[in-house]
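Down below is the structure, laid out as structure tokens.
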Amino acid sequence: MRYGHFDDTRREYVITRPDTPLPWINYLGTDAFFGIISNTAGGYSCYRDARLRRITRYRYNSVPPDSGGRYVYLRDNGSGQYWSPSWQPTQRKLDHYECRHGLSYTQIASAYLGVRAETLYFVPLDETLEIWRLRVSNERDTPADISVFSSVEFCLWDAQDDATNFQRNYSTGEVEVADGVIYHKTEYRERRDHVAYFACSEPLAGFDTQRAAFLGAYRGWDRPAAVERGESFNSIAHGWSPHGSHHVRLSLAPGETREVVFLLGYWENPRDQKFDPPGSGVINKALVRPVIDRWLQPATVAEGFDRLRESWTSLLSTLRVDTPDGDANRMANIWNPYQCVVTFEMSRSVSLFESGIGRGMGFRDSNQDLLGFVHMAPGRSRARILDLASTQLATGGAYHQFQPLTKRGNNDIGSGFNDDPLWLVLGVAAYLKETGDASILDEPVPYDNAEDSATALYVHLERSLRYTLDRLGPHGLPLIGRADWNDCLNLNCFSDTPGESFQTTVNKDGGGAESVFIAGLFILAAKDLAEIAERRGLAGDASSYRAAAEKMAGSIVEHAWDGAWFRRAYDYFGNAVGSSENEEGQIFVEPQGICVMSGIGVQNGMATRALDSVREHLATAHGIVLLRPAYTRYHVELGEISSYPPGYKENAGVFCHTNPWVMIAEAMVGRGDAAFDYYKRINPSAREEIAEIHRCEPYVYAQMIAGKEAPTHGEAKNSWLTGTAAWNLVAITQWILGIRAEFDGLRIDPVLPAEWPGFTATRRFRDATYEISVRNPAGVSGRVGHLLVGGESIAGTLVPLAPPGATVNVEAVIR
Ligand code: GLC
Ligand code: GLC
């Protein structure tokens, strides 16, 4: 069952009924001012940091769901009837409803009582404000007298404090209303230099800034007193809950359309120019007013929207593919790169499942997010890499998370997730392969942001590897620390206290719990760093990294091969985890993916054996589950993984992030049918038909789909902010279609499903454009047998770098 459809030409998902199984959201903003918006206009905005600079309020886990948003109310003053053109919060049965989620914008259109409304929401490039462009049309054959009310609820900046510290916060709220603009200025009188503003292009019939006045006593957003009576209260908030609402009256002739622009913005004044007159406590509006005036002009808005759309066209043009599979094309060309941009921006901070106060930017997460982003925006990737590396510790370890506003490591969660530093090597390697910009390796970068500690970035990478090598366990495999990629595999934590965090509790000393996953990841990182070292003329370094990788591979083969698959770990006591010896959790997906990706067993059959085991034990119609059998009871020696009910999250859910590793591994062993089959199973577009089972948005990946041991097998959760986005884009474009940036050229090494006749693609790479055409005349799942570059046959599959500006024709034939 569907709730809408894709409009590929406009790069939109069109939702045609408002009561989707869950709110289906989109993101606004691409740089500093961000928000989420649901298909019924729910959501909130923030400036840079969803915890520390929250602009509007949203109530997570509310009843009814999705409460708080960018609401517009329309009131037919003739009859006194009022409604929400976005359906929520009044939930009137609209005559027509359509929400179009596009790339960084959302447009919600509806009709009721012969009045059409269409609201376009977006954040213009390089601005710290969002626009709501409302168009109201009178489709009756009589004049219409319509009241428009806007509504936002301001958050008192720190979202955590805002939701908990009521004894203070009910007394601090302050606003100003000047020239039709509502300013939210809580704490501006003291240490904050920023305000929020809410402006409207039309003359106001009234306004409200105190939530209690606008809504009326004991009322919700579904029947605000001001809207019901058709007149604002002109309230000024003193404490309690500052709110913003404009009232505009429109007299519309039959057939007439009027446009009203609302702006919700964030503004920072220089500290010495905060007040006007100086020292008065009144906001100095001289700097912000011109910005407001400019963006209230319909022409500026139209131009701003065009620029936003063009910027997406240009971002997405780095790689375009045309394959025989519609779901693959749609995801690879539009939605998957879009989700990669969102994960790059937001890391794991803001979604319907991430409250914006729990987690900031993840170290491992952000490095992986880069893998799906770097080709679109190398400059921003470079800056992110330097920020990430600046939170690395001198030991080579890393803070697990950092706050985007301060860029400082987050002390609450600390470090000790022993995989973290290795991801930095993969992130930097991806950047170098994409850009060839070796200068980044010489950038001085501090440790833990301590200024006098800077070394070249290259040294950070060395320390990342060293961190693993300094922490090997009894089998020569890396010690796991608090956890590895699997945050829930907490082999040293032995937690028996309710509510204690599995990730931050004091670990038990003295154990030698080891991770096979980190071992595989280490090999990938060491091989990358060897290539980097070689190109820096450090042949000695290169060979020592290669030797370390080889040694690690030896330890895996010797101690982690279980007979038919790779084991997952050794626990505190030295017992195998993810082995046929175990009663539960006999086989895990992560080591099968990462060990094969690192090259182990690709030559001798071990790799295909492990992948056959994945198919036999872990694959389901809804994707590959993380482990099997699920843990049915709590294993204190394993930690959080066994705390989830069977089939959910890390306990045998389809943890989608791991699936592309298996796709890549299948491609590496040359099995294109298997790789693509797994790709289709979790492709959201391919799951659109089962939206009532999947429930999350059909245009983006979710972190998790309930596994086969769960009662709700197939149900997705935690959509949007997941490493699944980057890795799936890597799997389909770099391994199945086989178009990979490498240090010295563009690799063309597709591993396709046998039935595909071929595909074409355009890839911009290091200032040249590659027009790629791959043919599979024999209908086989083979490898490239013949490669023509500019009409000339070349050996191998690496297309050499072309001069800047060149367009290169690449033709490959599969045999
Ligand atoms: C979450 C985390 C990620 C972790 C994964 C597996 O998605 O963001 O860092 O690797 O869970 O536990
Ligand atoms: C929980 C989740 C995991 C996430 C972690 C973040 O353990 O299961 O997916 O990575 O929290 O702290």
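Just so it is clear, none of the values below were taken in a lab; they were calculated from the coordinates. Just so it is clear, the model here is predicted, and its values are computed rather than measured. Because the Cβ atoms are built from the backbone with ideal geometry, glycine has one as well, and the counts that use them run over all protein chains shown.
Shape analysis of region 630-680 yields a ratio of the Cα radius of gyration to the Kirkwood radius, Rg/Rh, of 1.17. When Rg and the Kirkwood radius Rh are both evaluated on Cα atoms of region 473-574, their ratio Rg/Rh stands at 1.08. Neighbours of Asp161 by Cβ distance under 11 Å: Lys/Arg scored +1, Asp/Glu scored -1, total 0.
Each residue, His786 and Arg764, gets one label point 7 Å from its Cα in the Cβ direction; the gap between the two is 3.3 nm.
Projected onto its three principal axes, the C-alpha set of the chain covers 80, 60, 52 Å, listed from the longest axis down. For the pair Glu303 and Glu268, the difference between a 0.36 nm per residue extended length and the Cα-Cα distance amounts to 10.1 nm. Rg over Rh for region 151-218 works out to 0.98, both radii taken from alpha-carbon positions and Rh defined as the Kirkwood radius.
Within a straight-line Cα-Cα reach of under 20 Å, Lys649 can be paired with the following lysines, leaving aside sequence neighbours fewer than 8 residues apart in one chain: Lys708, Lys717. Each Lys or Arg adds one and each Asp or Glu subtracts one; over the other residues with Cβ under 12 Å from the Cβ of Asn449, this totals -2.
With the gyration tensor restricted to C-alpha atoms of region 1-127, the semi-axes of the equivalent ellipsoid amount to 24, 18, 14 Å, longest first.
Taking the centroid of alpha carbons for each part, region 13-72 and region 664-701 are 27 Å apart.
If I fit a long axis through the Cα atoms of helix 539-559 and take the longest principal axis of the Cα atoms of the chain, what angle between them do I get, 0 to 90°, rounded to 10? Helix 539-559 and the main axis of the chain meet at about 80 degrees.
Which FRET efficiency value, to the nearest 0.05, do you get for Gln167 and Leu405 by plugging their Cβ-Cβ distance into 1/(1 + (r/R0)^6) with R0 = 30 Å? Once the sixth-power term is evaluated, E becomes 0.75. Annotation: Cα Rg of region 59-149 relative to the compact-globule expectation 2.2 N^0.38 Å equals 1.16. Taking a Cβ cut-off of under 12 Å around Glu666, the surrounding Lys, Arg, Asp and Glu residues balance to a net charge of -1, with basic ones at +1 and acidic ones at -1.
Quick one: helix 457-469 against the long Cα principal axis of the chain, what's the angle to the nearest 10°, folded into 0 to 90? Roughly 60 degrees between the two axes. Annotation: extensible slack from Asp95 through Arg140 equals 14.8 nm (criterion: 0.36 nm per residue apart, minus Cα-Cα distance).
Multiplying the residue separation of Asp7 and Asp126 by 0.36 nm and removing their Cα-Cα distance gives an extension gain of 40.1 nm.
Per residue, the convex hull around the alpha carbon atoms of region 740-815 comes to 75 Å³. Semi-axes of the equivalent ellipsoid of region 1-72 are 24, 17, 8 Å, computed as sqrt(5λ) over the eigenvalues of the C-alpha gyration tensor in descending order. Binning all Cα-Cα separations of region 176-271 at 10 Å, short to long from zero, yields these whole-percent fractions: 15, 41, 31, 11, 2, 0. Computed over region 102-195, the range of Cα coordinates on each principal axis works out to 54, 32, 29 Å, biggest value leading. Relative to its residue count, region 645-799 spans a Cα convex hull of 127 Å³ per residue. Scaled to the globular estimate 2.2 N^0.38 Å, the Cα spread of region 206-335, given as radius of gyration, is 1.58.
Any idea what log10 I(q)/I(0) is at q = 0.17, 0.27 Å⁻¹ for region 475-523, Debye with uniform C-alpha scatterers and no solvent? The computed values of log10 I(q)/I(0) come out as -0.49, -1.01.
Helical content alone sets the calculated 222 nm signal of the chain at -7500 deg cm²/dmol, taking -39,500 (n - 2.57) per DSSP H segment of four or more residues and averaging over every residue.
Against the chain, whose longest principal axis comes from its Cα atoms, helix 336-346 is set at around 70 degrees. Treating r as the C-beta distance of Leu469 and Val557 and R0 as 22 Å, the FRET efficiency rounds to 0.75.
For the pair Asp322 and Ser580, label points projected 7 Å from Cα toward Cβ lie 5.0 nm apart.
In the chain, the sites counted are GluC sites (Glu not before Pro) in DSSP loop states with at most 10 other Cβ atoms within 10 Å, and the longest stretch holding none of them, exclusive of the sites, is 191-582. Start at zero, step by 5 Å, and the Cα-Cα distances of region 678-741 spread as 4, 18, 26, 23, 15, 8, 4, 1, 0 percent across the bins. Look at the dipole of the chain built from charges on Cβ: of Gly397, Tyr644, Val614, the Cα furthest out on the positive end belongs to Tyr644.
The calculated FRET efficiency for the pair Ser773 and Phe743, based on their C-beta separation and a Förster distance of 25 Å, comes to about 0.55.
Per residue, the convex hull around the alpha carbon atoms of region 288-337 comes to 95 Å³. Working value for region 280-432: equivalent-ellipsoid semi-axes of 31, 27, 14 Å, each the square root of 5 times a Cα gyration tensor eigenvalue, largest first. Normalised radius of gyration (Cα atoms, divided by 2.2 N^0.38 Å) for region 579-670: 1.08. Restriction of the chymotrypsin sites (Phe, Trp or Tyr not before Pro) in region 539-618 to DSSP coil positions whose beta-carbon has at most 14 other beta-carbons within 10 angstrom yields Phe573.
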